[in-house]
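The values are calculated or read from the model by the stated rules, or taken from the named source; none is laboratory data. Computed from a predicted structure; not experimentally measured. Cβ sites come from the backbone with ideal geometry, for glycine too, and all protein chains shown count toward neighbours.
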Amino acid sequence: MSNTGAGTLTGAGSFIQGANSTLVYAGSTISVGTFTASASGNTVNYSGTTPTILAVTYYSLTFSGSGTVALASPNIAGDLTVSTGTLNLTGTAVFNGSGTTVQNINGNGTITFVNLTLNTGTGNVNANRSISISGALLFSTNRIMTVNSTSNVTFTTSGSFSSTARVFC
């Protein structure tokens with residue numbers, strides 16, 4: 001389903017995105033009773049100018065619009081991609097992969113985290129681009145974060161690292 005206009009997706013009912021599907025939303029606001037985007041293999045791509053990105057559980061989330069967007073505390077079971085613009089994750093972003101699912105942080109846009117938690121599963125989280133963390137990076141299970149050779153994970157002066165699992169460097 002694509003919305004290439006600047007309208008809104010509204011209604012009192014539920015919007016449930018099916019498995020292995022992609023929603024490209026160019027509007028500014030999604031305002032429905034319940035928005036469910038966590039089915040396996042799906043992607044929600046916010047492609048508008050400074051859209052309001054819902055703080056829900058996503059399988060994969062993409063921001064390919066423009067401007068600077070804030071998002072509080074998403075749960076992501078697949079990939080996070082910021083193709084353009086800036087995405088400021090203002091709460092705790094949780095990567096909740098299951099089993100051996102590999103999750104990726106991709107794109108050419110800017111991504112800043114306050115807190116980033118790598119939770120559940122045993123698959124790697126691949127940082128295929130530079131990210132900035134101003135709060136805590138928490139490994140709550142035996143996850144591995146792989147940072148590619150041209151990327152960095154930067155902690156601001158208040159940033160920290162902690163783990164409730166074993167950490168190997």
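Values for this structure:
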{"item": "Flag for Thr52 being under 27 Å from Ser134 (Cα atoms), assigned to a strand (DSSP E or B) and in contact (Cβ under 8 Å) with a residue 24 or more places away in the chain", "result": "no"}
{"item": "Given (1) surrounded by fewer than 17 Cβ atoms within 10 Å (Cβ to Cβ); (2) under 17 Å from Ser40 (Cβ atoms); (3) within 10 Å of the chain's Cα centre (by Cα), number of the condition Ser73 does not satisfy", "result": "(2)"}
{"item": "Extreme residue, farthest from Arg143 (Cα to Cα), among residues of region 67-110 that are among the β-branched types (Val, Ile, Thr), assigned to a strand (DSSP E or B) and free of Cβ contacts under 8 Å to residues at least 24 places away in the same chain", "result": "Thr68"}
{"item": "Selection status of Thr36, within 22 Å of Thr112 (Cα to Cα), outside any loop (DSSP other than H, G, I, E, B) and among the hydroxyl-bearing types (Ser, Thr, Tyr)", "result": "no"}
{"item": "Some residue of region 115-124 being hydroxyl-bearing (Ser, Thr, Tyr), more than 17 Å from Ser64 (Cα to Cα) and buried (at least 17 other Cβ atoms within 10 Å of the Cβ)", "result": "yes"}
{"item": "Top-ranked residue of region 134-169 - restricted to ones that are of a type in the set (A, V, I, L, M) and within 18 Å of Gln103 (Cα to Cα), ranked as modelled with the lowest pLDDT", "result": "Ile144"}
